[in-house]
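Data first, discussion second: the structure below is written as C-alpha cells.
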Amino acid sequence: MNKLLSASLLSVSLLMSSATFAAMPASADEAAAPMSIDKASFVKVVTSSNAFEIESSKLAEQKAKDADVKTFAAQMIKDHTKAGEELKKAAALGDEAPKLSPKHAAMLETLKGASEQDFQPLYIEMQTVAHMEAVTLFATYAKGGDDEAVRTFATETLPKLEMHKAHVMKLVASH
C-alpha cells in the first residue's frame, strides 16, 4: 500500500512539475521584469551604489593586501567612474556630487574602521553583495524602465556589471 501511495504521489508531483516547466519562459531574457522601478528611484540607487563602489575601491587600493584585489579595485574605480558619467548624460543629471544612501555610507564607514586583517575579506564580501544587487537592479530597469535613455544605459552597462560580478566571485573563491 505504501509503495502504491508513494508511486501515485511521485506521478502527481512529476505531472505538476512538468506543467510548471511548460509555463516557464525558455530563458531569463524572455521573462518579464520581476518588478518595475521608476527613473528617479533607479538613478538614486545607482548614484549611491556607484559612489560606494568608487570610494570603497579607493580604500582597497590602499589597504588590501593582495595584488589581485588591488587590481580589481582599480578596475572598479575606472569602470564605475565611467558608468557615473554615462548615467549623468542618460538621465540629464547636473554636476552635483553623488550622495551615499545611509546603507552605503554605513558600509563605507565599516570599511574605513576595519582592521588591516579584516579589511580585505570585508571589501570582497561587500563587493559581492553590491554586484549581485546591481545586476538585479540593472536587469530589472533594462526590461521595464520608464525612461528610454536610462533604459538604454542600463542595458548597455549590464554586461560590464555581470563581468564585475564574475570577477568578484573569483576573488571569493581564491581568498
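The numbers here are math on the coordinates, done by the rules we state, and not lab data. Nothing here was measured: the structure is a model prediction, and the numbers come from that model. Ideal geometry is used to build each Cβ from the backbone, glycine not excepted, and the neighbour counts take in all protein chains shown.
Things to note:
- Sites matching trypsin sites (Lys or Arg not before Pro) across the range 66-172 that sit in DSSP coil, with at most 11 neighbouring C-beta atoms within 10 Å: 99
- Partners for residue 65 among lysines (Cα-Cα distance below 28 Å; same-chain residues under 8 apart left out): 78, 82, 103, 112, 160, 165, 170
- Partner aspartates and glutamates for residue 63 [C-alpha distance under 17 Å; skip if fewer than 8 residues away on the same chain]: 53, 55, 109, 116, 118, 125
- Order of 141, 123 under a 10 Å beta carbon neighbour criterion, fewest first: 123, 141
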